[in-house]
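Step one of this worksheet: look at the structure below.
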Amino acid sequence: MQEIDVYSWDDNNYILFSKIGRYLYLSNEKNPRDIMIRKEDSNDPDLLLPLDDDNEFNKALELFYNNAKVDEI
Amino acid sequence: MNNNGGIPNFVHNKDIDWDAVRRASQGKTIHAKHGKLNLKKVAITGIVLSVLGTAGYYLGKSVYDRHTESKIIDEATEVVNDLITDYTIRTADNNGFYLNDQAIGNKLKDLLTTGEIDEVTAAYAVSTRLDDAYEKDEMNNIFERALGVDADTWAREHGYSGIDDPDFTKEAEMQILRNYEVENYKKEETDDYVVETTRVDNPEEQQSDELNTMFVDDNTNANVNDNAKGMVGR
């Protein structure tokens, strides 16, 4: 077992499966298809900030695609 | 926790709705409760692997587009880059290099006069190739020879704060891509015109094509008839 970060709201737990820079990559514990990318708020760890637009979404996804290292998990 | 002891089911490529992911990522700020949870390591690995696989699939198009755009820009600026490379000369003591900016500026002016390159592409190519602080004098010398003023003055005359203005870089790249599309459109039009002209210039060829078409049609009809006959015979 491994201790991982989780964000909870509306009776759902979202697992933090990756974090690159400010970007948080989250997956619903009950439904792993339910994925989202958010930005952390450096002042409030409970706030999940939205991405600005499609460009930032593509950028964050590319960042994950290029940097995620499975062997380090 | 899941019934399977906290191991989420693995996700297949087709199962992730990336438009939904994009929308969820851009919604309102979420006020969540941050905590910790114990989960099997394989569960996280599974999610990461699944998302990696599907993300590559989803990103395919945008990565391809970016690659293509960058290739078009490279091709449009190649003539300037080649000039700069050709006139980068080794110093007499072989310890360094210097740019023959006068020759580059003159050659670039010729290219602008003959219309082989437009002003914006030339300014973009020179300023992005010679963007280090120590190359600024050479860049300005090239601008002055080819475009009549130094780089920042040229940029200000075109509505930018200076040659380093990111808006200039972005808009120049867009113009290069637009130029490429216009040229491609013209080329397609010309190709169509050449085909039509060839046909008018060679009426025999056109007639021969028409006969061939008729022959194929006849054969097709014959085959259809044969098949029809065969079917009757069955």
B:Glu119 vs. criteria open to solvent by less than 60 Å² (accessible area, probe 1.4 Å) and either over 19 Å from the mean Cα position of the chain (by Cα) or outside the structural domain of B:Asn184 (by TED's automatic domain parsing) (or both): no
Some residue of the stretch A:53-62 being at the interface with chain B (Cβ under 9 Å from one of its Cβ atoms), surrounded by fewer than 20 Cβ atoms within 10 Å (Cβ to Cβ) and assigned to a strand (DSSP E or B): no
Residue in the stretch B:118-126 that is farther than 16 Å from B:Trp154 by Cβ and small (Gly, Ala, Ser) present: no
Matching entry among B:Asp226, B:Asp137 (being farther than 30 Å from B:Thr68 by Cβ and at pLDDT 60 or above): B:Asp137
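Answer yes or no as to whether B:Asn81 is in contact (Cβ under 8 Å) with a residue 40 or more places away in the chain and not in a loop (DSSP other than H, G, I, E, B).
yes
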Counted residues, the stretch A:32-51 - those being in a loop (DSSP other than H, G, I, E, B) and either facing chain B (nearest Cβ under 8 Å) or surrounded by 19 or more Cβ atoms within 10 Å (Cβ to Cβ) (or both): 5
Matching residues, the stretch B:137-156, being over 17 Å from B:Phe168 (Cα atoms) and under 28 Å from the mean Cα position of the chain (by Cα): B:Ile142, B:Ala146
Complete set of residues in the stretch B:13-49 that are facing chain A (nearest Cβ under 7 Å), more than 28 Å from the chain's Cα centre (by Cα) and surrounded by 14 or more Cβ atoms within 10 Å (Cβ to Cβ): B:Ala24, B:Ile30, B:Ala32, B:His34, B:Leu37, B:Leu39, B:Lys40, B:Ile44, B:Thr45, B:Ile47, B:Val48, B:Leu49
Considering residues of the stretch A:4-14 that are at the interface with chain B (Cβ under 7 Å from one of its Cβ atoms) and out of contact with any Gly (no Cβ under 7 Å at 6 or more places or on another chain) only, the residue modelled with the lowest pLDDT: A:Ile4
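Here's the yes/no breakdown for (1) part of a helix (DSSP H, G or I); (2) modelled with pLDDT under 80; (3) closer than 22 Å to B:Asp132 by Cβ:
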position: B:Trp154; (1), (2), (3): yes, no, yes
position: B:Asp167; (1), (2), (3): yes, no, yes
position: B:Met174; (1), (2), (3): yes, no, no
position: B:Arg178; (1), (2), (3): yes, no, no
position: B:Glu181; (1), (2), (3): yes, yes, no
position: B:Glu188; (1), (2), (3): yes, yes, no
position: B:Val194; (1), (2), (3): yes, yes, no
position: B:Val200; (1), (2), (3): yes, yes, no
Any hit, the stretch A:63-73, residues being at pLDDT 90 or above and surrounded by 13 or more Cβ atoms within 10 Å (Cβ to Cβ): no
Scan of the stretch B:85-113 for residues that are in a strand (DSSP E or B) and closer than 16 Å to B:Ala125 by Cα, ordered by number: B:Thr88, B:Leu99
Residue among A:Ser27, A:Ser18 that alone is facing chain B (nearest Cβ under 7 Å), touching an Asp or Glu at 6+ places or on another chain (Cβ under 9 Å), within 18 Å of B:Val51 (Cα to Cα) and crowded, with 20+ Cβ neighbours inside 10 Å: A:Ser27
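The values are calculated or read from the model by the stated rules, or taken from the named source; none is laboratory data. Since we're looking at a predicted model, the values are computed, not measured. When we count neighbours, we look across all protein chains shown, and the Cβ atoms used for this are built from the backbone with ideal geometry, even at glycine. Just so you know, the surface numbers come from the protein's heavy atoms only, side chains and all, with ligands and any DNA or RNA stripped out. Shrake-Rupley method; radii C 1.70, N 1.55, O 1.52, S 1.80 Å.
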